[in-house]
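Notes follow the structure.
The values are calculated or read from the model by the stated rules, or taken from the named source; none is laboratory data. Just so you know, these numbers come straight off a predicted model, no measurement behind them. Ideal geometry is used to build each Cβ from the backbone, glycine not excepted, and the neighbour counts take in all protein chains shown. Note: accessible area is taken over every heavy atom of the protein model, side chains too, but ligands, DNA and RNA are not part of it. Shrake-Rupley method; radii C 1.70, N 1.55, O 1.52, S 1.80 Å.
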Amino acid sequence: MQLLERLIQSAKQSPARIVVCEATDPRILQAAHQAQQQGIAQMILVGDRNQITHTATQLQLDISNIEIEDPATSAKKNALCSALVKKRAHKGVTEEKAQTALLDPLCFASMLVQCGYADGSVAGAVYSTANVVRSALQYIGQAQDADLVSSFFLMLLNLPHHPVQKGVIFSDCGLIIDPTEEQLAAIALAAVKSAQTLLQTEPRVAMLSFSTAGSARHPFVTKVVHAAQRVKAALPDLAIDEDVQFDAAIIPEIAAKKLKNSAVNGEANVFIFPDLNAGNIGYKIAERLGGAQAIGPLLQGLAKPANDLSRGCSVQDIFSVIAITTLQAQSRNN
């Protein structure tokens, strides 16, 4: 059984309440219906009730067993308004401003998560990544044990030409443009947790660089090495290579030649990119030329799960992210 199938089966063991706020988009509605039907999540649809039901009718989807929350008429709007004022009063949010903000389905969905009416949210088929992340940060907030919020992609390598057949984590490919060594370490620590939740195996971390084991000297390399040392100090038992080129991180024979004292031995499953240029370019090359399936961008470091979508996402992409959001919720609740 491939990793994604195993993840879907795991999600079915304890379906989480997942809210989507772009429910008039046919892709979102189809994926939400599929997730509810297959038992990976108890879906909540946020938006104009009439528009949602009209779209469902056009798609010939029976959504009678799926909860719909219309921000204009919801019985929860007063409770959400009070919670929003309490959370954002220091930013000048009054009751009137909160009521206006909650008419935005993205804000309403995020507050459903914040207040415990939902376990996680998925958005981004219509909203931009900037808006999705901003809403998650403002209304759901950062986890107490996280130094920052970052992103990752779950990359599925399952085609015959792939040198390894497995799922791996690429981070950060979507948020932190030029991380400091402290931020890079925080990204790696969050990616380790993501790997523990999703890969169903022990994390093996490669701190990617154009250098392997000091083969080049440059401030860019120094940053990666220092970040790796911070991760080692936090997780002494973690398998991690400090500065390593991608080939030595994923091919054991190359690792044996380039990195004699490797802790990972060319079997990395968590790849930490030194900056957003490298991460974004790297995942898109792996996806578009290498044929890897890229699921994400997924967010890490939040108090509760909230995940982003590419605006070009397919129904299957959305379904997969809903399943992963359920697993993140399960992990946080355990």
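Probe radius 1.4 Å, ligands and nucleic acids ignored: give me the carbon and sulfur share of the accessible area of the chain as a rounded percent.
That fraction is 49 percent.
Which one of N280, N65, N131 has the biggest mean-square fluctuation once the chain is modelled by GNM with Cα springs under 10 Å?
Highest fluctuation of the listed residues: N65.
Tell me, in nm to one decimal, what length is gained between K86 and I251 on full extension, where the rule is 0.36 nm per residue of separation less the Cα-Cα distance? Kindly include the intermediate steps, with their values, before the conclusion.
Values: separation 165, 0.36 × 165 = 59.40 nm, distance 5.20 nm.
Extra length from K86 to I251 when fully extended: 54.2 nm.
Under 13 Å from the Cα of K77, which aspartates and glutamates turn up, not counting those fewer than eight places away in the same chain?
By straight Cα distance, K77 reaches E69, E95, E96, D104.
If you restrict to DSSP beta bridges whose two residues both lie in the chain, what percentage is antiparallel, to the nearest 5?
Expressed as a percentage, antiparallel bridges in the chain total about 35.
Pick out, in residue order, every one of the trypsin sites (Lys or Arg not before Pro) in the range 180-288 that is DSSP loop and has at most 13 other C-beta atoms within 10 Å; say none if there are none.
Answer in residue order: R217, K260.
Note the angle between two axes, namely the Cα long axis of helix 276-288 and the longest principal axis of the Cα atoms of the chain, as a number of degrees from 0 to 90, rounded to the nearest 10.
Once rounded, the angle reads 80 degrees.
Please label the shape of the range 264-316 as rounded, prolate or oblate, based on the square roots a ≥ b ≥ c of the eigenvalues of the alpha-carbon gyration tensor (a/c under 1.5 means rounded; beyond that, a/b larger than b/c means prolate, else oblate).
Values: a/c = 1.75, a/b = 1.18, b/c = 1.48.
The shape class here is oblate.
So what's the convex hull volume per residue for the Cα atoms of the range 1-147, in Å³?
Measuring per residue, one finds 134 Å³ for the Cα hull of the range 1-147.
Hey, what number do you get for the chain at 222 nm if only DSSP H runs of n ≥ 4 count, each worth -39500 (n - 2.57), divided across all residues, to the nearest 500? Numbers along the way, then the final one.
Numbers: 13 runs with 148 residues, N = 334.
Roughly -13500 deg cm²/dmol at 222 nm, from the helical runs in the chain.
Report the residue, chosen from A72, A191, A268, that carries the largest GNM mean-square fluctuation when the chain is represented by alpha-carbon nodes joined by springs under 10 Å.
Of A72, A191, A268, the most mobile in the Gaussian network model is A72.
Provide, for q = 0.11, 0.14, 0.15 Å⁻¹, the log10 of I(q)/I(0) from a solvent-free Debye sum over equal Cα point scatterers in the range 179-277.
Debye intensities relative to I(0), on a log10 scale: -0.27, -0.44, -0.51.
Mind counting lysine pairs for me in the range 148-257? Cα separation below 22 Å, and the two need to be 8 or more apart along the chain or on different chains.
The result is 4.
For the range 83-228, how big is Rg over Rh, using alpha carbon atoms and the Kirkwood form of Rh? Don't jump to the answer; show the numbers that get you there.
On the way: Rg = 19.0 Å, Rh = 18.0 Å.
Ratio of gyration radius to Kirkwood radius: 1.06.
Give me Rg over Rh for the range 53-111, both radii from the alpha carbons and Rh done the Kirkwood way, two decimal places.
1.13
If you take the beta carbon distance between H162 and A233 as r and set R0 to 30 Å, what does 1/(1 + (r/R0)^6) give as a FRET efficiency, to the nearest 0.05? Mind showing how you got there, number by number?
Details: r = 34 Å, r/R0 = 1.12.
Step by step, r from the Cβ atoms, then E = 0.35.
Give the distance, in whole Å, between the Cα centre of the range 42-92 and the Cα centre of the range 101-139.
11 Å
What number in nm² do you get for the chain if you take the convex hull of its Cα atoms and divide its surface by four? It would help to have the intermediate numbers written out before the result.
Values: hull surface 69.4 nm².
Here the figure is 17.3 nm², rounded to one decimal.
How charged is the neighbourhood of G167? Take every other residue with its Cβ under 14 Å from the Cβ of G167, and add Lys/Arg as +1 and Asp/Glu as -1.
-1
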